[in-house]
Each structure stands twice: as C-alpha cells, then as structure tokens.
1. Tell me, which strands (runs of 3 or more DSSP E) lie completely within the range A:1-112 with 1 or more residues that are charged (D, E, K, R)?
2. Report, by residue number, each residue of the range B:61-83 that is among the β-branched types (Val, Ile, Thr) and part of a strand (DSSP E or B).
3. Can you tell me which residue among A:Glu11, A:Glu83, A:Glu62 is surrounded by 16 or more Cβ atoms within 10 Å (Cβ to Cβ), more than 21 Å from B:Gly103 (Cα to Cα) and more than 14 Å from every other protein chain (Cβ to nearest Cβ)?
4. Could you list, in sequence order, all residues of the range B:102-112 that are crowded, with 20+ Cβ neighbours inside 10 Å and in contact with a Ser or Thr (Cβ under 9 Å, 6 or more places away or on another chain)?
5. Can you confirm whether the range B:52-72 contains a residue that is among the polar types (S, T, N, Q), under 18 Å from A:Leu106 (Cβ atoms) and surrounded by fewer than 16 Cβ atoms within 10 Å (Cβ to Cβ)?
6. A:Arg97 fails exactly one of the following numbered conditions: (1) surrounded by 14 or more Cβ atoms within 10 Å (Cβ to Cβ); (2) at positive phi; (3) modelled with pLDDT under 95. What is the number of that condition?
7. Of all residues in the range B:3-41, which are touching an Asp or Glu at 6+ places or on another chain (Cβ under 7 Å), outside any strand (DSSP E or B) and of a type outside the set (Gly, Ala, Ser)?
8. Filter the range B:40-63 for residues that are farther than 15 Å from B:Ile76 by Cβ, in contact (Cβ under 8 Å) with a residue 40 or more places away in the chain and more than 10 Å from every other protein chain (Cβ to nearest Cβ) and give the result.
Amino acid sequence: DAGVIQSPRHEVTEMGQEVTLRCKPISGHNSLFWYRQTMMRGLELLIYFNNNVPIDDSGMPEDRFSAKMPNASFSTLKIQPSEPRDSAVYFCASSFRLGGGNTGELFFGEGSRLTVL
Amino acid sequence: GEDVEQSLFLSVREGDSSVINCTYTDSSSTYLYWYKQEPGAGLQLLTYIFSNMDMKQDQRLTVLLNKKDKHLSLRIADTQTGDSAIYFCAETYSGGYNKLIFGAGTRLAVHP
C-alpha cells in the first residue's frame, strides 16, 4: 500500500490567497483526521471524519478553515483567506475505527508544509 | 478534558538507555501509544500498550504503564544516533471513535 498521500508537500503563498491541501487515505480505512503541527502549539487535531462524515470539527481554528470528504478516498482542507499565522505543517492521517480487534493506530502522511507570507 | 503531558527535551549518550515519560488524564483510554517523528516526516507508530497491561517489551523498547498514576514511559535500550527524533505519547479519547490526543512531543538527542 502507498500509505496516506498528501499534496502539495510544500506550499508558499501570500496572505489573502486561498490554500487547498489534499489527502488520499489508505484504502479501506474509515476514519480520517487532519492535524496541524507548529512549534508553539505542537500537534493539534483540526477535524476528523468517520465514513466520510465530519464527526468533530471543534479544533478548526476559524471560519476561514473548511474541510470536506466527498468520498472515501479523498479529503481536502481549505484555508480562505490565508494568514501568516496559518503557517504550519498540516498532516492527514487515516485509520480503521477502534474496536473489533483494531488498535486505532493512525497512519500519517508526510505532511504539507504551508508558508504564508 | 483530555490532556497529555511530556517533557520537551532529552539528551543521552550513544549506548545508554533513554527513558521518555508521559502523563495522561483519561483513565478510560483503551490504548496508549508512542509515535516517532523523524525530521521532515510524518508520525509513525512505534509501539502501543493495551490499557489492561502494565508492561510491553518489543526488542529495544519497553513500555511501562502505571494506571493508578496515569503515567506512561518508553525506555529505549542501547540508544543509537538513529533514535534521534521527536517521540509523542498519545491516548485514545473516551468519547468514541479513535480520536487520539497527543502530547507536545519529547525531542531526543543522541550524542557520541
């Protein structure tokens, strides 16, 4: 399996521009998570989906952030408009749902490093 | 609420043992995990322990769980330079699904 695939790996944009980050989870996984990592705040859970349905988006910092999962093999995280404080590494992770013999292990992508100037 | 705390830095000499400590708050966590993050990469599961266990050993890794004190530790025997990374402790969220709550990460530096 190719693992969780994220794109782009690096993005540099200017304040006010729209940013779209993409994620392809591991085939068969039914849970998908978006995390943000910064030096100041560490690893923050932004939103997670189960069976393509958003379960908890309480970690999404502002209305400028939105996430979608139109099908089991694709998710996007959009920031519009972007601001310098959004600069971070954004990780997507997927897993089988905990239980039924599954340990709930999250498989992470390599991350998308976003720099907003 | 859920919270996971770890010390931020640990420096050890190559060949020594490293012990990374973590405290968590959710006593109903089913599993507790240790993840490793190397520079420029995502997190990878290193090991995990089921909540009804006190200890788990996996080659150079030993995980100890003290449920009474809500304390988790990771011991790496014979630490090598390749072990230099950030180590994250995580607990499962009791509210369902497999939302994981991560600590801030402990940066392990291994020097000759």
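1. Correct list: A:10-13, A:19-24, A:31-38, A:42-50, A:53-56, A:65-71, A:74-79.
2. B:Thr62, B:Val63, B:Ile76
3. On inspection, the qualifying residue turns out to be A:Glu11.
4. B:Gly103, B:Thr106, B:Leu108, B:Val110
5. no
6. (2)
7. B:Thr25, B:Asp26
8. none
The values are calculated or read from the model by the stated rules, or taken from the named source; none is laboratory data. All figures in this text were calculated on a predicted structure; none of them were measured in a lab. Note that we place each Cβ from the backbone using ideal geometry, even for glycine, and neighbour counts take in every protein chain shown.
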